[in-house]
Every structure is written in C-alpha cells, then in structure tokens.
C-alpha cells in the first residue's frame, strides 16, 4: 500500500511538473524563418515594420528575416537538404510551380481556409498559384507586363504618329518611328533566360498555348504569322539586336533614358529609373493606358509566399504569410513602391483613385487597382527550365534567320510535347 | 661498433622513425583534414553522384541518390546541347597558346630594369583583380553597336558593312568573349613568367650577348628552355581555366547567340543550379566528363614538355 501510495504521489508530481513544463513550452515563442527575395536594403523599413506589427499581434511567434538575392533558389534547396528549411519563402509564380512540382511545398489551402483565400485575393491571382488543383502560395505584390504606356512625346511627334491604342497600331508604327527618328519604337520581350515571355504575345492576341488535352499547341498558322511579324521587324533592324541578349525591360529603360527608344510598355517601376537617370525626360514623359493585343487582356506576374514541406512550424508560418499578403499590408507596400496588390479589396482603395500630373503617381493610379489582370497567360509546364530554354533557342533561331518561324514553332511544340512532365 | 651501440641502434632508429612519422602526420593533419573535407570528399561524392539519379522531385521528397550506372552519360551524349557546349569548351582552348605566348613576351619586356616599368607590371595586373561584373559593364561598352570598338574600327574605315553588334552575332560573340578571358588572364600569367624570368642567371644572358646572339636567338635558345617548368605550369593552369570558363559567358552572352558561347561548365551550372528542376546526377556526370578532358589535356601537356625537354638535353 505504502509502495502504491508512493507511486501515486510520484505520478501526480510528475504529471504536475510535465503539465507545468508543457505550459511553459507553449508560452515559449516559436521562431520562424522568413525569406524575401531582392527586397533589402531598399525596403528594410517596410519589412521590419510589418514584422514588428505581426509579432505584436502574435506574441508567441518570433520572426527571423533574411533577404535572399541571386542565390535564393540554391539556398532554399540547400537549406531543405541540411535540415534548416525556412518557414515562409517569397517566390514568384514560375518558381512556385517548379518547387511544388518537385514536392518542396505544402499546399496552403490546408493551412488557411479556402473560403478566406477566395475572399482575400482576386480569383486569377489565386489561380496563378494553383498547381494540380491545390493552392501553393499566398499571392503577394504583382506587376503587369503591359501595365501602362510611357512615351517620349517629342519622338512620337517627330515620327508623325500618336500613341498606339492597341498592339496592331504599335506594330504598324514601328517602321515609321525608326525611319523618322532613328530611335526604336519599343523593345518587345523576345527572349528571356528563365522564362518564355514571347508566349505572352500569343496569349495577348487570344491564341492558345495548350490544347484541351494540355499539350503545347502554339504552332497554328495564326501563331506563325504573329512570330513572322516580329521576325520581319527584327531582320529589318526595327527592333534592337540586344533584345535577344538582354532582359527587355532593363534594355528598354536604358535605351529610353538615352532617347533611343520612344515608348515603354510596362510597369511604372521604369519611371523610377528614368527619374534618376534623365530627370528632364522624366518630366516630359507621358503616361497613358497600355496598348493591348487582339484579346484585349493584360499579362502580368506576381510574387507569392510559400510554406516549404520541411517547415517545422507551418501553422505559424501560414499566419505570417497571410499577414504580409493581406490587403492592409499590400496597400502599405503599394504606397512605397508602385506594385500592383493581388488582394481584391485593393481595387476600391481611394489611394488608386487620386489624380496627379506626376508620371509615377499617374502610372500607379492606372495600374494599382488592376490586380485582377495579373496572369502570365499560360500555366508553367513541368520540366519548365528545359522547355523554356528550347523555346528561347527557337525564337532566337527564327529571329537570326536560322529557322523559319514555322520551323521554329513546330520544333518547339514537338520538343515540349515529348519532354513536358505532367 | 660496440655491442652496446649495436643493440641500441635498431631500437633508436625504429623509435625515431615512428616518432618522425607521427610528427609528420601531425604537421600534415590540419591540411589533410581540410583537403579531405573540402576537396577529396566532394570529389569522391561528386563522382559517385554522376552515376546516380539525384535532384528534382527526388530531392524535394528527401530521397537518397539512386544508382543508375552510366545512364547519365548516355543522356549527356544524346543531348545536342551538351555536345555543343563541350565542343565550345574545347574550341575555347585556342586562347591558351595565344595567351601564353603574349604573356611570356610581355613578361620579357617588363623584366627590363627601365624607369616606369613597375607601372606597366602593375597595370597589366589590374584586370586580374577587377571584378567580373565591373569588367562586364566595361566590355559591354566596348562591344556595343555604338561602342568603343566600332568607333575605333569605323574611324579606321575597317567596317565596310557598318557597325557590328559583337556580342550579338554568332560569328563574333565567341571570339569577343574569348578576348575578355585573354584580358583577364594575361596579367596573371605575366606575373608568373616574370617570377620565372627573374630566376634565370644573368651570366647566361651576358655570355650569349658576348657570343653575338641576337635578342630573338636569346629568347628561343635561353629564355624559353630555362622557362620550361613555368611554361608547363602556366599552360596547364590556363588549359584547365579555359575548359572551365563560365563567368564571362554568364555576364556577357548567357551562352547565346544560338548557343555559340554555351560552354560545358555553363551546362553543368544550368543543370545543377537552375530553378527547381536541378539535376545533380546529370550535372555531376557532365562535370566528370569535363574533368576527364582536363586530365587528358594535362597529361598531354606534361608529355609535350617532358619530351621536348628530353630532346633539348
């Protein structure tokens, strides 16, 4: 009996102690690792303030923030392998798709109620992060490829043309602008190292990228004719040669600042750079609505926040990701830099309804509330790195006259359909 | 030798030898440990990975490498991009003899004790310590259609077909990138040659002058033979460097146009580190192929210099 009593006492004491310990453990702050991409040092104050607000609202969670740059993906892969995976990672649509296809990510619709996700974000911005029927990212700040049209009024006047209202008008005036001013009309996104930007032109013209069974189908006569149009302009010297080597937006901004390009189709962020490099040109730059393709749609992309499968604190991570991507915090971000929020409530925000003569403010108002148009125009295919490289190589071969546009597109479609992983 | 001495000698020798060995390893240990960790182990593991499937979904799900024998090598040699990249890397070796001859010749020139020579020695070395990103911006200006090179050639009426986009043409981009490699490596090899030259006894040179040898004869009959070990070292280093060229390509052309500057290391890099479709198995196999080529060329270098050494003596 004595023995039994002693055991009982010990048992009670142990359970009391362990109960105490578990309460203490619950009160111990959980530390989560948060990785952003190319945001430091420029946006340090915004990120730090938002983290502080989150920690205040969630005293049991501590956020350790790192900003990754060129080595983001490698660091992410390495950290998962070494057992120190981050809990919240900022990736774009392409990388999210690749990471999810390779099993790196946790579906976020299992962490945040799908109904909440649906009411917070525009349907398309959420669809951009949906892979295999599951949502893998909280959509964050976005941008539109077309966005706005910025132009140098002096060059358009010299060319005797007015700002194009659609892409057909744009393509029709390319020769006149170059012949009469010596400057290129604009820099199209012909090729980019990690993507397949030219597919966006097909989407803009209402041409399909895939057929109903999910196979690549961008080699119809209409696709070929559109590519032929660009090839003719390239071969005629009406598009800059460097467009095959450099990222279009960067090249366009550089050349525009030197009066060597008359127009930029893109986000307002180009204006920040022009304001720094050529203030007088910035002052006279006119901002208007972007010319769109025959389908009348915009293309665009956004960042997202993802939760790695290897995260040890997915619930806390989801809270942080949801906090950063909510409408209030995306609007705060939009007030610092002209991003396009991916939250549905942003379209009614009075901030985007302000009227201003300043080019950046005007461009921000024009695009800021257009998050519903953020759509790359095509789903990222499985094995995308190989497929994009093949696409880029074929577009380049067509531009440089090594293949006819028909050959280039037929070859690409055939390669894609053989090598695409579902 | 007394009995006492005889009985002591073997014991002393063996204990000394044992202690010596231990001491030697103790001194070698720090370097050996570091080499094992950072060279031998990665080398062995990388070679092993070349025969496995490792990366992509396998990696994401935390699965270990799967042995697949020579499958990666089959994939490599069936991939036209790999063959193109390997071909480009081998073609890149053209830079080696040009670079070696030029840096040796300039080293001979700056070896003279003339006023201001220190400036030239330092100036030639500047590109070696210039960061590649900075060098890329500068060479962009040089190669641009409205850049310095076109301006100079235009002024000399050497551009009958107008300005050339040096980095944009299939025929020119490869050589344009190679010139940057030349520019970056030149000072480095020049300094190595300079060190070698300063080890040649002046008496030899003076004797040859007295015998009436011309500068050209002295260069070929004295300098070159005396410099053979340095030439071997430099040509070996630059052969390996040429096979492994990557940075210039990444920053200037990204492998284009039409993969004309896509090198073997760029293939390895893109397979291993591009996006989440990375394939460590295939990249390691490609790395092994490059290593085998480098090894074969190194052996050829040794043979070439040893044989000609034999002929000389």
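Go through segment A:220-249 and give me each residue that's over 22 Å from residue A:297 (Cα atoms), surrounded by fewer than 18 Cβ atoms within 10 Å (Cβ to Cβ) and touching a helix residue (DSSP H, G or I) at 6+ places or on another chain (Cβ under 9 Å).
Result: A:235, A:236, A:237.
Go through segment A:362-385 residue by residue and tally those that are away from chain B (no Cβ under 14 Å), on the phi < 0 side of the Ramachandran plot and part of a loop (DSSP other than H, G, I, E, B).
7
Here are the criteria: (1) under 30 Å from residue A:401 (Cβ atoms); (2) away from chain A (no Cβ under 14 Å); (3) more than 22 Å from the chain's Cα centre (by Cα). Tell me which single one residue B:274 does not satisfy.
If we test residue B:274 against (1) under 30 Å from residue A:401 (Cβ atoms); (2) away from chain A (no Cβ under 14 Å); (3) more than 22 Å from the chain's Cα centre (by Cα), just (2) comes out false.
Given the structure, is residue A:285 under 23 Å from residue A:157 (Cβ atoms), surrounded by 15 or more Cβ atoms within 10 Å (Cβ to Cβ) and in contact with a strand residue (DSSP E or B) (Cβ under 9 Å, 6 or more places away or on another chain)?
Spelling it out, residue A:285 is indeed under 23 Å from residue A:157 (Cβ atoms), surrounded by 15 or more Cβ atoms within 10 Å (Cβ to Cβ) and in contact with a strand residue (DSSP E or B) (Cβ under 9 Å, 6 or more places away or on another chain).
Being out of contact with any strand residue (DSSP E or B) (no Cβ under 8 Å at 6 or more places or on another chain) and in contact (Cβ under 8 Å) with a residue 12 or more places away in the chain is true for just one of A:142, A:195, A:147. Which residue is that?
On the way: A:142 fails: out of contact with any strand residue (DSSP E or B) (no Cβ under 8 Å at 6 or more places or on another chain); A:147 fails: out of contact with any strand residue (DSSP E or B) (no Cβ under 8 Å at 6 or more places or on another chain).
One residue alone meets the criteria, A:195.
Here is a list of conditions, (1) more than 14 Å from chain A (Cβ to nearest Cβ); (2) farther than 28 Å from residue B:291 by Cβ; (3) touching a residue at least 60 places away in the same chain (Cβ under 8 Å); (4) surrounded by 15 or more Cβ atoms within 10 Å (Cβ to Cβ), and residue B:257 meets all of them except one; can you say which number that is?
It is condition (1) that residue B:257 fails.
So residue A:106 ticks every box in (1) buried (at least 24 other Cβ atoms within 10 Å of the Cβ); (2) within 14 Å of another protein chain (Cβ to nearest Cβ) but one. Which box is left unticked?
Condition (1) is where residue A:106 drops out.
Across segment B:130-147, what is the total count of residues that are within 19 Å of residue B:172 (Cα to Cα) and not in a loop (DSSP other than H, G, I, E, B)? Break it down stepwise before answering.
From segment B:130-147, those within 19 Å of residue B:172 (Cα to Cα) are B:135-147; that's our starting set.
If we keep only those that are not in a loop (DSSP other than H, G, I, E, B) as well, we get B:135-143.
So the count comes out to 9.
Does residue B:284 satisfy being more than 14 Å from chain A (Cβ to nearest Cβ), within 30 Å of residue A:191 (Cβ to Cβ) and surrounded by 15 or more Cβ atoms within 10 Å (Cβ to Cβ)?
Yes, satisfied.
The rows are residues; the columns are (1) more than 14 Å from chain A (Cβ to nearest Cβ); (2) more than 30 Å from residue A:402 (Cβ to Cβ); (3) part of a helix (DSSP H, G or I).
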{"position": "B:128", "(1), (2), (3)": "yes, yes, yes"}
{"position": "B:149", "(1), (2), (3)": "yes, no, yes"}
{"position": "B:176", "(1), (2), (3)": "no, no, yes"}
{"position": "B:192", "(1), (2), (3)": "yes, yes, yes"}
{"position": "B:195", "(1), (2), (3)": "yes, yes, yes"}
{"position": "B:199", "(1), (2), (3)": "yes, yes, no"}
{"position": "B:209", "(1), (2), (3)": "yes, yes, yes"}
{"position": "B:222", "(1), (2), (3)": "yes, yes, yes"}
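Restricting attention to segment A:374-406, which residues are surrounded by fewer than 21 Cβ atoms within 10 Å (Cβ to Cβ), at pLDDT 90 or above and more than 14 Å from residue B:259 (Cβ to Cβ)?
A:401, A:404, A:406, listed by residue number.
Please pick out the residue among A:281, A:239, A:251 that is away from chain B (no Cβ under 14 Å) and in contact (Cβ under 8 Å) with a residue 40 or more places away in the chain.
Working: A:239 fails: away from chain B (no Cβ under 14 Å); A:251 fails: away from chain B (no Cβ under 14 Å).
A:281 is the lone residue from the list that is away from chain B (no Cβ under 14 Å) and in contact (Cβ under 8 Å) with a residue 40 or more places away in the chain.
What are the residues in segment A:407-422 that are in a helix (DSSP H, G or I) and surrounded by fewer than 23 Cβ atoms within 10 Å (Cβ to Cβ), if any?
If we filter segment A:407-422 for residues that are in a helix (DSSP H, G or I), which is where we start, we get A:407-419.
A:407, A:410, A:411, A:413, A:414, A:415, A:417, A:418, A:419, listed by residue number.
Could you grab me the full set of residues in segment A:346-360 that are surrounded by fewer than 17 Cβ atoms within 10 Å (Cβ to Cβ) and assigned to a helix (DSSP H, G or I)?
If the condition is that a residue be surrounded by fewer than 17 Cβ atoms within 10 Å (Cβ to Cβ) and assigned to a helix (DSSP H, G or I), then A:347, A:348, A:350, A:351, A:353 are the ones that fit.
The values are calculated or read from the model by the stated rules, or taken from the named source; none is laboratory data. Predicted, not measured: the structure shown is a model, and the values here were computed from it. Counting neighbours? That spans all protein chains shown, and the Cβs are built from the backbone with ideal geometry, glycine included.
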